[in-house]
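A short worksheet on the structure shown next.
Read-outs throughout are calculated quantities, based only on the coordinates presented, and are distinct from any laboratory measurement. From a predicted model like this one, the values you see are computed outputs, not experimental measurements. Note: ideal-geometry Cβ built from the backbone for every residue, glycine included; neighbour counts use all protein chains shown.
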Amino acid sequence: MRDGTPHFFARMQSQRHLLGLQGMHPSQIVPILDLAESYALLNRSRKTQRDVLRGLTLINLFFEDSTRTRTSFELAGKRLGADVINMSVSTSSVNKGETLLDTAATLNAMRTDLLVVRHAQSGAPALLSQKVDAAVINAGDGMHEHPTQALLDALTIRRHFGHLDGLTVAICGDVAHSRVARSNIHLLTAMGAEVRVVAPPTLLPGAINQLGVQVFHHMAGGLADAHVVMMLRLQRERMSAGLVPSAREYFRFFGLDAERLALARPDALVMHPGPMNRGVEIDSPVADDARHSVIAEQVEMGVAVRMAVLDLLSRRRNET
Amino acid sequence: MRDGTPHFFARMQSQRHLLGLQGMHPSQIVPILDLAESYALLNRSRKTQRDVLRGLTLINLFFEDSTRTRTSFELAGKRLGADVINMSVSTSSVNKGETLLDTAATLNAMRTDLLVVRHAQSGAPALLSQKVDAAVINAGDGMHEHPTQALLDALTIRRHFGHLDGLTVAICGDVAHSRVARSNIHLLTAMGAEVRVVAPPTLLPGAINQLGVQVFHHMAGGLADAHVVMMLRLQRERMSAGLVPSAREYFRFFGLDAERLALARPDALVMHPGPMNRGVEIDSPVADDARHSVIAEQVEMGVAVRMAVLDLLSRRRNET
Amino acid sequence: MRDGTPHFFARMQSQRHLLGLQGMHPSQIVPILDLAESYALLNRSRKTQRDVLRGLTLINLFFEDSTRTRTSFELAGKRLGADVINMSVSTSSVNKGETLLDTAATLNAMRTDLLVVRHAQSGAPALLSQKVDAAVINAGDGMHEHPTQALLDALTIRRHFGHLDGLTVAICGDVAHSRVARSNIHLLTAMGAEVRVVAPPTLLPGAINQLGVQVFHHMAGGLADAHVVMMLRLQRERMSAGLVPSAREYFRFFGLDAERLALARPDALVMHPGPMNRGVEIDSPVADDARHSVIAEQVEMGVAVRMAVLDLLSRRRNET
């Protein structure tokens with residue numbers, strides 16, 4: 001996997017880190033998806049590429065728990081031969097900004113090459129990236145971005161339709177609090193897809209009109225003739241905060257069931273970043289419907305996309 | 001370790017997973033013990049066999065804490081060259097059945113080859129095994145089974161007596177709640193040993209008479225002329241549940257001390273799955289008596305047995 | 001790194017473990033620092049030495065949380081090729097002495113080669129070392145010692161001044177409760193440095209006069225013409241215990257700011273074992289002053305020193 005993709009390098013020179021997808025150009029996105037696709041094939045055939053990151057240190061720095069995402073990066077790093085270290089830090093013991101910078105100094109001193117960061121505060125990975133020598137990969141920060149999630153979503157979609165441009169993608173649910181939605185909107189619009197968001201007004205961000213998406217407040221309109229129906233997880237704390245009346249009510253108006261899915265195209269994909277709240281934002285028969293649901297494939301592409309990102313960012317380090 | 005044991009393969013074809021020992025035939029058990037014995041030798045001489053599981057992914061999926069068992073499987077996997085990932089999941093955040101199946105889908109998508117599962121609910125590993133492509137190893141499920149514990153116990157006994165058939169093994173204590181007891185009963189009776197259980201009626205399972213064991217309510221009778229005295233850990237919550245009057249009382253009637261051990265054969269082995277409640281189910285001098293206690297050897301054989309199980313199950317996967 | 005240092009071996013024969021620095025001779029300390037210095041160079045050039053600990057098992061047994069120290073040892077072990085296993089044990093679930101010995105038996109049985117121990121009780125690593133076959137490295141025990149911290153501090157100082165003898169080192173703050181201070185005092189006095197402790201009487205240990213240090217109760221006197229100003233972390237619980245009036249008061253009398261640092265030599269080093277309480281024991285501008293602060297370098301030398309210690313102790317094991 002060490003050959004080629006020269007066009008990509010020209011672009012990536014300016015890009016030491018993967019902090020978000022806002023403002024990214026297709027010429028930066030496509031090579032990641034292409035490389036990830038090759039890694040997906042290698043993973044299926046159980047071929048590993050231990051030389052790619054051999055001798056490099058990857059630290060998973062998680063200020064928020066996320067077994068799935070941490071495991072996905074850990075697998076990606078190990079399959080490419082990195083030394084992977086998990087650092088879970090409870091934010092309660094952290095004194096905001098200053099200590100985050102002390103953490104950065106510590107990681108530098110330990111000679112960290114690749115730093116995967118999840119943090120409850122938007123912008124924390126960007127702040128760290130200014131202070132560390134490592135390439136920083138944002139694994140989700142507050143309500144900001146979760147770029148590898150959007151990349152794996154894009155790869156999953158591309159594998160089914162062959163392309164992203166011209167597709168209609170409906171992102172449904174708690175858009176306001178979702179870094180997954182935000183990253184997907186940036187990537188999909190950059191790639192020429194038509195993005196719709198479907199949510200009650202209480203679950204839409206204020207600046208939604210500047211994101212280049214169509215807004216729907218009803219599933220019927222939002223799902224009509226869509227190629228992709230992407231459901232978002234509803235955090236239970238949204239209900240206690242009064243943004244949503246109840247799980248039952250929410251499902252009645254914004255949950256995905258077979259009847260609603262029938263409004264989309266017959267070959268529509270059903271996606272969910274996981275973990276699902278079955279019966280809240282998605283009905284079990286739809287989640288498990290092999291004709292439409294690509295939820296497991298998203299997880300599979302997740303490992304492949306993370307391998308591609310780690311590989312590409314480590315190359316850039318080696319060359320500078 | 002890649003050669004031979006053809007007889008075993010014929011039998012193991014039907015056995016993709018190691019979920020329990022109930023119904024297992026000696027021809028399935030003996031090859032595991034034989035291979036484990038070779039791994040025990042390799043471990044002592046610090047020789048590793050990194051090629052055995054190279055490129056394979058082993059996930060330790062623990063819904064219950066168990067530092068010892070998790071560490072034992074982690075060591076076994078690493079010594080055989082697997083990529084080992086620890087996933088600790090608190091059951092509190094899990095919504096029973098459905099989410100367990102979503103976890104299975106995730107593990108499949110991540111291309112897990114070997115899945116070690118501990119769960120508070122009996123049958124959870126079996127449920128997972130129906131949904132994952134990985135070979136599933138039950139590392140303890142509720143009050144059901146803990147097969148690698150019984151295998152390591154059997155190996156430890158066999159190393160001392162040379163065989164299992166014809167031996168008298170007394171399993172003492174909280175049989176009702178013990179998956180260790182259950183797996184041992186299945187294995188030892190299958191191998192031709194005479195199994196006795198020694199417990200107060202409140203700590204015996206209802207169906208004990210169908211397990212092919214002799215039941216004793218007093219240590220004196222149960223231990224008489226036994227080759228092996230296997231003590232079970234008394235969970236402290238049994239006392240608050242009123243099943244046992246007090247730790248002191250329990251020790252007086254069902255604890256193992258030197259006087260009681262003298263009723264067994266002079267060369268009797270003292271076993272305990274650990275961690276011990278010294279002074280509750282076992283007296284310290286007995287636990288530390290080098291003439292009888294093989295408790296540390298059980299731990300050593302634990303790593304070896306797990307290496308053998310991982311090796312054999314991965315072979316089967318490679319061949320199908 | 002497998003060659004030479006014969007003088008060291010003669011001395012190290014008696015030293016299977018690294019439990020503390022009290023009573024250590026320069027001929028035992030210098031070879032560790034020398035080897036660590038070579039590892040520091042290798043780390044900077046991203047060269048690993050996987051053969052050094054290949055096939056050996058390193059267990060990080062942490063009864064107290066410490067992400068930094070655990071990570072440092074984990075990195076050190078992995079860069080040298082060991083199988084590294086993290087065991088975090090909450091002391092709440094541990095029944096003091098006896099169970100610690102059962103843990104030792106378990107670690108032996110699992111064939112642990114190198115055992116890194118952190119424990120809230122002084123002497124716990126020493127107790128373990130009597131019962132395990134592994135080489136034990138004390139990673140901090142109660143108020144006793146933290147030898148690798150003092151070694152990394154010494155290496156950091158030596159890199160700047162070329163030697164340790166004749167230097168004046170001021171250790172400031174909560175000396176009474178600090179294992180870091182204790183190990184540093186032993187090492188630095190053994191190496192011929194002049195050690196001063198600067199603290200209020202409530203934060204000095206009773207036996208301070210027997211440690212061969214000069215005692216100061218005011219920063220002004222303690223820092224005058226010092227080569228090294230080593231600040232200690234003030235645990236917040238000291239305040240609730242009434243040993244210190246308040247963080248603000250403490251900083252006023254014993255915090256390090258630029259004005260006080262000016263009393264030391266112009267080329268004085270500022271050190272801190274981390275994590276810092278900025279504004280409590282150290283002012284941010286001083287902590288970040290690149291002319292004086294070597295706090296990040298301490299972390300870097302930490303990995304190198306731990307590699308050296310693991311390497312040397314594993315050699316000794318192989319030769320006996």
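Assuming 0.36 nm per residue, please report the length gained on full extension of the stretch C:Ser284 to C:Met143 beyond their Cα-Cα distance.
48.1 nm
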Q: Run through the other copies and list how far each one's label point is from that of C:Asp133, in nm with one decimal, shortest first; the point sits 7 Å from Cα along Cα-Cβ.
A: 4.0, 4.0
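If R0 is 30 Å, what FRET efficiency do you get for A:His160 and B:Ser122 from their C-beta distance, rounded to 0.05?
Details: r = 40 Å, r/R0 = 1.32.
Once the sixth-power term is evaluated, E becomes 0.15.
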Q: Run through the other copies and list how far each one's label point is from that of B:Asp165, in nm with one decimal, shortest first; the point sits 7 Å from Cα along Cα-Cβ.
A: 7.5, 7.5
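Tell me, which longest segment in chain A has none of the trypsin sites (Lys or Arg not before Pro) that fall in DSSP loops with at most 10 further Cβ atoms within 10 Å? Before the final figure, lay out each step's value.
Numbers: sites that count: A:Arg2, A:Arg291.
The longest uninterrupted stretch comes out as A:3-290.
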Q. Which of these, B:Ala308, B:Ala126, B:Ala76, has the largest mean-square fluctuation under a Gaussian network model of chain B (Cα springs below 10 Å)?
A. B:Ala126
**Q.** Size of electric dipole in the protein assembly as shown: Cβ of Lys, Arg +1 and of Asp, Glu -1, about Cα centre, debye, nearest 20
**A.** 1100
**Q.** C:Met276, C:Met143 arranged by Cβ crowding within 10 Å, fewest neighbours leading
**A.** C:Met143, C:Met276
Q. Once you charge only the Cβ atoms, +1 for Lys and Arg and -1 for Asp and Glu, what is the size of the charge dipole of the range A:191-320 about its Cα centre, to the nearest 20 debye?
A. 400
Q: Find the all-direction average of the projected area of the Cα convex hull for the range C:82-222, expressing the result in square nanometres with one decimal place.
A: 10.4
**Q.** Summed residue charge, Cβ within 14 Å of B:Val244's Cβ, Lys/Arg positive, Asp/Glu negative
**A.** +1
Q | Lysine-lysine proximity count for the protein assembly as shown, Cα under 20 Å, sequence distance 8 or more or distinct chains | A | 12
Q: Give the long-range amide H neighbours of A:Met143: residues separated by 5 or more places, or on another chain, with amide H under 5 Å away, using H modelled in the peptide plane at 1.01 Å from N.
A: A:Ser122
Q | Vicinal HN-Hα couplings computed from phi for the range C:203-209 (Karplus, 6.51 cos²θ - 1.76 cosθ + 1.60; Hz; Gly/Pro x) | A | 10, 10, x, x, 8, 4, 5
Q.
For the pair B:Ala262/B:Val89, report the inter-label distance in nm, with labels modelled 7 Å from Cα in the Cβ direction.
A. 5.2
Q: Could you point to the residue in B:Thr99, B:Val195, B:Thr57 farthest towards the positive end of chain B's charge dipole, with +1 and -1 charges on the Cβ of Lys/Arg and Asp/Glu respectively?
A: B:Thr57
Q | For the range A:70-203, size of Cβ-based charge dipole, Lys and Arg +1, Asp and Glu -1, in debye | A | 200
Q: Measure nothing fancy, just the Cα-based angle from helix B:179-190's long axis to the longest principal axis of chain B, in degrees from 0 to 90, nearest 10.
A: 90
Q: Round to the nearest 10 and give me the degree value, 0 to 90, for the angle of helix B:26-44's Cα axis relative to the longest principal axis of chain B.
A: 80
Q. Taking Cα pairs under 8 Å and at least six residues apart, what relative contact order does chain C come out at, in percent?
A. 20
Q: Looking at the protein assembly as shown, send over the antiparallel percent of its DSSP beta bridges, to the nearest 5.
A: 5
**Q.** Axis-proximal residue, chain C, for the rotation superposing C on B (Cβ, Å)
**A.** C:Asn86, 5
Q: Report the equivalent ellipsoid semi-axes for the protein assembly as shown in whole Å, largest first, defined as the square roots of five times the eigenvalues of the gyration tensor built from alpha carbon atoms.
A: 44, 44, 26
**Q.** Net charge of Cβ neighbours under 11 Å - reference C:Asn184; Lys, Arg +1; Asp, Glu -1
**A.** 0
(Q) Given the options A:His160, A:Leu269, B:Gln214, identify the residue whose Cα lies farthest towards the positive end of the charge dipole of the protein assembly as shown (+1 on Cβ of Lys, Arg; -1 on Cβ of Asp, Glu). (A) A:His160
Q: Would you kindly calculate the mean projected area, averaged across all directions, of the convex hull enclosing the Cα atoms of chain B, in square nanometres?
A: 15.7
**Q.** Two-decimal Rg to Rh for the range A:147-299 - Kirkwood Rh, Cα set
**A.** 0.92
**Q.** Relative intensity, log₁₀ I(q)/I(0), of the range A:256-320 from a Debye sum that treats every alpha carbon as a point, q = 0.15, 0.16, 0.19, 0.28 Å⁻¹
**A.** -0.57, -0.61, -0.73, -1.17
Q) Angle, helix A:96-109 long axis vs. longest principal axis of chain A, Cα atoms, 0 to 90°, nearest 10? A) 40
Q. Counting every Cα pair in the range C:36-162, what percent are over 19 Å apart?
A. 51
Q | Relative contact order [Cα under 8 Å, 6+ residues apart], the range B:147-299, whole percent | A | 23
